[in-house]
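The values are calculated or read from the model by the stated rules, or taken from the named source; none is laboratory data. A quick note: this is a predicted structure, and the numbers were derived from the prediction, not measured. Cβ placement follows ideal geometry from the backbone for every residue including glycine, while neighbour counts extend to all protein chains displayed. For accessibility, only protein heavy atoms count, side chains too; no ligands or nucleic acids. Shrake-Rupley method; radii C 1.70, N 1.55, O 1.52, S 1.80 Å.
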Amino acid sequence: MKNKNLYSVLLLMLNIAAYGQNPVQKRLDSIMQLAHTRGIFNGNVLVAQNGRIVYERSFGYADGSKTKLLTSAYKFDIGSVSKEFNGAAILLLKQRGELSLDDPISKFLTDLPEWSAKVKIRHLLTYTSGIPTYDPISSEGDSVILANLKQLKSLKFEPGTAYLYNHYNVYLQMRIVEKVSGQSYAGFLNSNIFKPCGMNGAVVDLPVSSPDIAKAFDQDFHPTPYFQTVSGWVRLTAKDLYLWSECLHQNKILNKSSFAELAAGFPNGESSIGTTGFSGDTLSWHRHQGSNSNYEALLYSDLKQGLTVVMMTNNQQMKVDGIKNALFAALSKEPATVPKKSFYLEIREKTLANVDQGLKYYQELKANQQDTYDFSFEIGDLISTGKYLLRRNKFDDAIKVFQTAVALKAKPADIAYSYELMGECYLKKGDKTNAQINYRQALTLNPNNKNAAGMLQQIDKS
């Protein structure tokens with residue numbers, strides 16, 4: 001307790017020294033202080049307004065030992081936000097006339113089976129290639145991925161008809177960048193993106209054991225093992241990610257047309273740069289969240305307001321979007337609500353150990369601890385729990401969680417997504433009949449669910 005009190009006093013002294021009486025910074029700092037006190041943010045945050053950084057702070061610890069405080073110099077793993085760079089590299093080569101998005105990948109990667117002639121580069125960018133997921137928690141290295149691709153006999157679905165996010169698409173993009181450019185992937189990013197954008201702290205595949213990287217830890221401050229062995233991960237500081245967003249949005253690397261192609265995604269799926277909104281042909285907003293082994297990052301830009309928020313944490317709490325909303329409200333001098341803790345993070349390991357006990361605990365939290373835990377998007381947290389089990393091949397357990405989700409009063413699109421995921425579970429169990437039933441229910445609730453439609457089409461053909 002003494003150490004905690006001492007840390008709080010030190011943090012307060014740093015705040016006063018750093019920010020004095022600036023009212024904007026004081027509003028932002030009050031949000032972040034409360035978020036840190038509630039245990040929903042340990043990491044680095046940066047807020048920029050009209051191209052100028054107005055707030056940059058560090059909260060909490062650089063590792064679970066609680067002996068080192070974070071500073072703005074620490075780099076973080078940013079999970080799938082890293083895929084922005086492979087997507088941008090592909091579009092940069094396309095912009096230079098060195099490839100077409102309609103080129104089959106077999107044009108550049110000649111040692112893959114016949115299916116590669118049907119997969120276009122644009123399918124890799126939109127995760128619609130039909131390449132299946134092998135390891136659900138993505139622990140394969142480059143050599144294993146290549147071996148799996150060479151042994152793959154057929155695609156899961158016809159390219160372009162459905163969406164399946166997996167890292168095989170990213171791996172293939174990186175190999176195409178290397179083949180076309182004649183450089184290593186890291187070398188291409190460094191000379192064509194990092195240096196031109198002034199991202200002096202960005203490094204590809206810097207080991208997470210490096211003293212420059214904040215170390216991830218769990219709810220109990222235990223170190224989180226890092227399982228990713230595939231190459232190509234970009235590690236960087238919050239300022240580096242902000243500089244990248246400025247480069248991207250101001251068309252310093254990609255022209256307007258190339259950016260629009262990069263932002264194009266399959267309905268209800270992410271593009272290489274996450275999700276975007278356009279007013280006509282003008283970008284309005286850009287959001288990308290990524291997570292990996294208890295690291296989490298968020299990049300959010302509202303181009304109309306001239307605002308960008310970057311957050312990076314080494315203690316994932318799934319609340320970066322809620323904190324971002326509070327920061328935006330504070331900047332607008334509107335009432336700001338700081339999120340409560342995620343019940344998903346509280347129940348996911350319990351459901352993994354015993355799904356019935358985990359769901360019972362969820363019901364107890366819902367009945368007795370709504371002052372502490374956030375139930376505002378209850379179905380979303382249950383979906384996340386089910387997906388956590390699904391990725392670990394606990395198909396029957398995941399189905400139980402999704403069945404709990406569809407019983408809630410929620411938006412039809414969210415309920416439809418739960419049915420879609422149940423369909424995926426049954427399909428992976430080899431039960432095509434129940435897979436069809438759930439995919440059809442997803443389509444009934446949300447006729448725009450193209451992924452469910454694509455999977456039904458594939459089942460009918462098989």
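Candidates in region 404-438 are the residues that are small (Gly, Ala, Ser) and farther than 17 Å from ASN268 by Cα; of these, the one that is surrounded by the fewest Cβ atoms within 10 Å (Cβ to Cβ) is GLY430. Pairs linking a residue in region 421-442 that is assigned to a helix (DSSP H, G or I) to a residue that is open to solvent by 40 Å² or more (accessible area, probe 1.4 Å) and not small (Gly, Ala, Ser), with Cβ atoms under 7 Å and 6 or more positions apart or on different chains, are LEU421/LYS387; TYR426/ASN434; ALA435/LEU427; ASN438/TYR419; GLN441/TYR419; ALA442/TYR419. For region 106-132, a residue qualifies if it is open to solvent by less than 50 Å² (accessible area, probe 1.4 Å), of a type outside the set (A, V, I, L, M) and part of a loop (DSSP other than H, G, I, E, B), and the qualifying residues are PHE108, PRO113, TYR127, THR128, SER129, GLY130, PRO132.
Taken over region 54-95, the criterion of being among the charged types (D, E, K, R), more than 23 Å from the chain's Cα centre (by Cα) and within 17 Å of SER271 (Cβ to Cβ) is satisfied by LYS94 alone.
LEU164 meets the conditions (1) modelled with pLDDT of 95 or more; (2) buried (at least 22 other Cβ atoms within 10 Å of the Cβ) in every case but one. The failed one is (1).
Could you tell me whether region 167-181 includes any residue that is among the aliphatic types (A, V, I, L, M), open to solvent by less than 40 Å² (accessible area, probe 1.4 Å) and either over 18 Å from PHE108 (Cβ atoms) or in contact with a Ser or Thr (Cβ under 6 Å, 6 or more places away or on another chain) (or both)? No, region 167-181 contains no residue that is among the aliphatic types (A, V, I, L, M), open to solvent by less than 40 Å² (accessible area, probe 1.4 Å) and either over 18 Å from PHE108 (Cβ atoms) or in contact with a Ser or Thr (Cβ under 6 Å, 6 or more places away or on another chain) (or both).
Inclusion of PRO225 among residues that are open to solvent by 20 Å² or more (accessible area, probe 1.4 Å), free of Cβ contacts under 8 Å to residues at least 60 places away in the same chain and more than 30 Å from SER106 (Cβ to Cβ) is not warranted. Every condition in (1) touching a residue at least 24 places away in the same chain (Cβ under 8 Å); (2) open to solvent by less than 50 Å² (accessible area, probe 1.4 Å); (3) farther than 18 Å from ILE53 by Cα is met by PHE328 except one, and the failing one is (3).
Name the residues in region 309-322 that are surrounded by 24 or more Cβ atoms within 10 Å (Cβ to Cβ) and either among the hydroxyl-bearing types (Ser, Thr, Tyr) or farther than 18 Å from TYR74 by Cα (or both), would you? If the condition is that a residue be surrounded by 24 or more Cβ atoms within 10 Å (Cβ to Cβ) and either among the hydroxyl-bearing types (Ser, Thr, Tyr) or farther than 18 Å from TYR74 by Cα (or both), then THR313, LYS319, VAL320 are the ones that fit. Examine region 184-193 for a residue that is open to solvent by less than 10 Å² (accessible area, probe 1.4 Å) and among the hydroxyl-bearing types (Ser, Thr, Tyr), and state whether such a residue exists. Yes. Determine, yes or no, whether ILE53 is surrounded by 17 or more Cβ atoms within 10 Å (Cβ to Cβ) and touching a Lys or Arg at 6+ places or on another chain (Cβ under 8 Å). Judged against the criteria, ILE53 is not a match. Taken over region 364-382, the criterion of being within 21 Å of TYR419 (Cα to Cα) and part of a helix (DSSP H, G or I) is satisfied by GLU378, ILE379, GLY380, ASP381, LEU382.
Scanning region 284-300 for residues that are hydrophobic (A, V, I, L, M, F, W, C) and surrounded by 20 or more Cβ atoms within 10 Å (Cβ to Cβ) returns ALA297, LEU298, LEU299.
Starting from region 446-462, keep only residues that are open to solvent by less than 40 Å² (accessible area, probe 1.4 Å), then list their pairs with residues that are of a type in the set (Lys, Arg) whose Cβ atoms are within a distance under 7 Å, requiring at least 6 positions of separation or different chains. From residues that are open to solvent by less than 40 Å² (accessible area, probe 1.4 Å), the pairs are LEU456/ARG440; ILE459/LYS432.
A quick yes/no check of all residues on (1) open to solvent by 60 Å² or more (accessible area, probe 1.4 Å); (2) under 30 Å from PRO159 (Cα atoms); (3) among the hydrophobic types (A, V, I, L, M, F, W, C); (4) touching a Ser or Thr at 6+ places or on another chain (Cβ under 9 Å):
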| position | (1), (2), (3), (4) |
| --- | --- |
| ALA353 | yes, no, yes, no |
| LEU359 | no, no, yes, yes |
| GLU364 | yes, no, no, no |
| GLN370 | yes, no, no, no |
| SER384 | no, yes, no, yes |
| GLN441 | yes, yes, no, no |
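Please go through region 20-71 and give me each residue that is without any contact (Cβ under 8 Å) to a residue 24 or more places away in the chain, assigned to a loop (DSSP other than H, G, I, E, B) and closer than 18 Å to ALA329 by Cα, ordered by number. The one that is without any contact (Cβ under 8 Å) to a residue 24 or more places away in the chain, assigned to a loop (DSSP other than H, G, I, E, B) and closer than 18 Å to ALA329 by Cα: ASN22.
Which residue is most open to solvent (accessible area, probe 1.4 Å), if the candidates are limited to region 243-259 and must be in a helix (DSSP H, G or I) and over 12 Å from PRO196 (Cα atoms)? Taking the candidates together, the pick is LYS256. If the condition is being buried (at least 16 other Cβ atoms within 10 Å of the Cβ) and in a loop (DSSP other than H, G, I, E, B), then region 335-351 contributes ALA336, VAL338, PRO339, LYS340.
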